[in-house]
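What follows is a set of notes on a single structure, which appears directly below.
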Amino acid sequence: MRVLLATLAVLAVATTAIEADSKARIVCYFSNWAVYRPGVGRYGIEDIPVDMCTHIIYSFIGVTEKSNEVLIIDPELDVEKSGFRNFTALRKSHPDVKFMVAVGGWAEGGSKYSHMVAQKQTRMSFIRSVVDFLKKYDFDGLDLDWEYPGAADRGGSFSDKDRFLYLVQELKRAFFRAGRGWELTAAVPLANFRLMEGYHVPDLCQELDAIHVMSYDLRGNWAGFADVHSPLYKRPHDQWAYEKLNVNDGLALWEEKGCPSNKLVVGIPFYGRSFTLSAGNNNYGLGTYINKEAGGGDPAPYTNATGFWAYYEICTEVDKDGSGWTKKWDEQGKCPYAYKGTQWVGYEDPRSVEIKMNWIKQKGYLGAMTWAIDMDDFKGLCGDENPLMKLLHKHMSSYTVPPPRTGNTTPTPEWARPPSTPSDSSEGAPIPTTTAKPTTTARPTTAKPSTTKAPQVSIDEDDNDIAVRPEPPKAPEAPEETAEVEVPEAPEHPTENEVDNPDICNSEEDYVADKKKCDKYWRCVNGEGVQFTCQPGTVFNIKLNVCDWPDNANRDDCQP
Ligand SMILES: *[C@@H]1O[C@H](CO)[C@@H](O)[C@H](O)[C@H]1NC(C)=O
Ligand SMILES: *[C@@H]1O[C@H](CO)[C@@H](O)[C@H](O)[C@H]1NC(C)=O
């Protein structure tokens, strides 16, 4: 009898896994604070286009400083006014949609998370509190939005990389024990140095139900020039740190590092990054000079933030006849940009979104994600309501995700493999083994035990957990930073030039010319001074912070 039950259960698991895996995801982040935007910008739970999403993620909850538990950031809105419960109650009319909650986000900083993952005991406090929270408010899962593990510039430490994986493994086991089919996903960056310092890619991709790649904010005021922030491909002016900082190369990097294509969800920004150009600058091309001190373009009426405009704030200006805006198209990056006077914005519109949707299908990724649904033209101020969301839905709902491609991953060297944490009695009852951990990176099977009611086969040992490898050699912990300052995406580490230069990281400047060599300059990368070298024949131009011809740069202060 037991054998029969187990067989039936296994068959059921296999069928659901195949169905679930072939259906593309449309992941909609919802920012709870959008309800405070004035006038037509106000966006509440009732505005969510539930039909057009497969997953909706309430953003954000946080983590408490000392007790390492779930922190409710806006208790009045989320609890007293029933934000959480109203949100998950949408399931009654939409039983197939997953209603999740995101923990973290940029404003939460990184140091509390680094602290929370530091010990098994503190991780367990968090995990228990998450389980209670999901039960209490009836969510379907958790999305981890820690920005970012291992980021010294955000209060992280070197050890975060292993510990973040432990957290994921332990959450996964706790969710399995809870037996409610909760999903576990994460929002992740795509810059190589971020992945190196904080993400065990193959292991995370195996554990998590989906990876939400934040393929936006790749440029912004912090970069020191005007540009679109979600270019699909490399453009001619993308040099150095920016060469691979585009959507196509970023997603390819996740695959190269060992993430199956059918776990990757591509982020689409429903907002633009805006800039204030230098006074008297008549060059409006991509990469043009900005007045960096302005902090970005002027605040727009609804989102009221410098350097950040919702799509509906852009289309109402740019697409209006006689508004004086000039609209252009980035031919290689496949994104629109627009300018008027000193104001410049790079963004996404129906044309660029449609190109990205076709590209997702061509690449066989798991689907599309948006930050955030409350910035689409949901009131139809420029035409049809929710024009961008409708494109995500049109393309993703009619698309079947193919099995992952194999052979394009680089195997993780032994020294880079993480240890895993064994399950112990502090977590609860042992978990029956339902999957064997594949040892190669090519994974023909996509069966996911945790998302389905797994068969209760009695096996006492948790094989997943007993393969404890020795810890990899550890570098000293990076210094903890306490201040949470907005730090830009820093360029990749040019390791061969890595020299300690404490000055640059204490200076206000983003670029500092080398004192001796004209063709060298410094930047602060993750709290460390890193020396960069200009292309042969060029020298560093102090005025423009670029590598330039010696005649333009006027450098008499250094050796050529
Ligand atoms: C939740 O729903 C109730 C009843 O419709 C409403 O009064 C309340 O304002 C809603 N809360 C939020 C945050 O939307
Ligand atoms: C916009 O933000 C500024 C501060 O950043 C604040 O003083 C102002 O009241 C806000 N305006 C609106 C309309 O919310």
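A short reminder: the numbers here are calculations on the coordinates, not readings from a lab. All values reported here derive from a predicted model rather than from experimental measurement. No Cβ is skipped: glycine too gets one built from the backbone with ideal geometry, and neighbour counts run over all protein chains shown.
Amide H of Arg25 versus every other amide H placed in the peptide plane: which residues, excluding those fewer than 5 positions away on the same chain, fall under 5 Å?
Close amide H contacts, sequence-distant or interchain: Gly367, Ala368.
Going by the alpha-carbon gyration tensor, a ≥ b ≥ c the square roots of its eigenvalues, is region 108-175 rounded (a/c under 1.5) or, if a/c is not under 1.5, prolate (a/b greater than b/c) versus oblate? If you can, show how the numbers build up before the last one.
Numbers: a/c = 2.23, a/b = 1.73, b/c = 1.29.
It is prolate, given that a/c is not under 1.5 and a/b is the larger ratio.
Multiplying the sequence separation of Ala252 and Gln362 by 0.36 nm and subtracting their Cα-Cα distance, what value in nm do you get?
Numbers: separation 110, 0.36 × 110 = 39.60 nm, distance 1.29 nm.
Full extension from Ala252 to Gln362 adds 38.3 nm.
Hey, what D do you get for region 155-230 in µm²/s if you plug the Kirkwood alpha-carbon radius into Stokes-Einstein at 4 °C and 1.567 mPa s? Walk me through the numbers on the way to the answer.
Numbers: Rh = 14.2 Å.
Answer from the Stokes-Einstein relation: 91 µm²/s.
If you take the Cα Rg of region 268-338 and divide it by 2.2 N^0.38 Å, with N the number of residues, what do you get?
Working: Rg = 12.3 Å, N = 71, 2.2 N^0.38 = 11.1 Å.
For region 268-338, the normalised Cα radius of gyration comes out at 1.10.
In what order do Trp549, Trp522 fall by count of nearby beta-carbon atoms within 10 Å, going from fewest to most? Let's see the in-between values first.
Details: Trp549 10, Trp522 24.
Sorted ascending by nearby Cβ count, the order is Trp549, Trp522.
State the extension gain, in nm to one decimal, for the chain segment bounded by Asp51 and Trp415, taking 0.36 nm per residue of separation less the distance between their alpha-carbons.
Working: separation 364, 0.36 × 364 = 131.04 nm, distance 4.59 nm.
The Asp51-Trp415 span can extend by a further 126.4 nm.
Per residue of region 185-191, in order, report the coupling 6.51 cos²θ - 1.76 cosθ + 1.60 (Karplus, θ = phi - 60°) as ³J(HN,Hα) in whole Hz, putting x for Gly and Pro.
Values per residue, Gly and Pro as x: 9, 8, 9, 10, x, 10, 6 Hz.
Estimate the FRET efficiency between Leu90 and Asn554 by the formula 1/(1 + (r/R0)^6), using the beta-carbon distance for r and 60 Å for R0, to the nearest 0.05.
Details: r = 62 Å, r/R0 = 1.03.
The formula returns an efficiency of 0.45 here.
List the residues, sorted by chain then number, that are 5 or more residues from Phe532 or on another chain and whose placed amide H is less than 5 Å from its amide H.
Tyr521, Trp522, Arg523
Taking Rh as the Kirkwood radius, which is the inverse of the mean 1/r over Cα pairs, what is the Rg/Rh value for region 268-396?
0.98
Fewest Cβ neighbours within 10 Å first, please rank Trp309, Trp415, Trp359, Trp33 accordingly.
On the way: Trp309 28, Trp415 7, Trp359 17, Trp33 14.
Least crowded to most crowded, the residues run Trp415, Trp33, Trp359, Trp309.
Quick one: in region 184-309, what % of C-alpha pairs are over 22 Å apart? Don't jump to the answer; show the numbers that get you there.
Details: 3353 of 7875 pairs.
It works out to 43 percent of all Cα pairs.
Residue by residue through region 120-137, which ³J(HN,Hα) values in whole Hz follow from phi under the Karplus form 6.51 cos²θ - 1.76 cosθ + 1.60 (θ = phi - 60°), with glycine and proline marked x?
With the stated coefficients, region 120-137 comes to 4, 4, 6, 5, 5, 4, 5, 4, 4, 5, 5, 4, 4, 5, 4, 5, 4, 9 Hz.
Computed from the mean reciprocal separation of all distinct C-alpha pairs, what Kirkwood hydrodynamic radius does region 85-146 have, in Å?
Working: mean 1/r = 0.0771 Å⁻¹.
One decimal place: 13.0 Å for the Kirkwood radius.
Give me the three principal axis extents of region 345-422 from the C-alpha atoms, as integers in angstrom, largest value leading.
55, 28, 26
Multiplying the sequence separation of Asn304 and Lys516 by 0.36 nm and subtracting their Cα-Cα distance, what value in nm do you get? Each step should come with its number before you reach the end.
Working: separation 212, 0.36 × 212 = 76.32 nm, distance 4.42 nm.
Separation in residues times 0.36 nm, less the Cα-Cα distance, equals 71.9 nm.
Going by how many other beta carbons lie within 10 Å of each one, how would you line up Tyr58, Tyr29, fewest first? Each step should come with its number before you reach the end.
Details: Tyr58 23, Tyr29 27.
Neighbour counts put them in this order, fewest first: Tyr58, Tyr29.
Calculate, for Thr326 and Glu354, the FRET efficiency according to 1/(1 + (r/R0)^6) with r their C-beta to C-beta distance and R0 30 Å; round to the nearest 0.05.
0.85
For a quick check: with amide H placed at 1.01 Å from N, whose amide H comes under 5 Å from Trp344's, ignoring anything fewer than 5 positions away on the same chain?
Counting only residues 5 or more places away or on other chains, the set is Phe275, Leu277.
Determine ³J(HN,Hα), in whole Hz, for all residues of region 355-371 in sequence, where each value follows from phi through the Karplus function 6.51 cos²θ - 1.76 cosθ + 1.60 and θ = phi - 60°; x replaces Gly and Pro.
4, 5, 5, 5, 5, 4, 5, 4, 7, x, 6, 6, x, 10, 10, 10, 10
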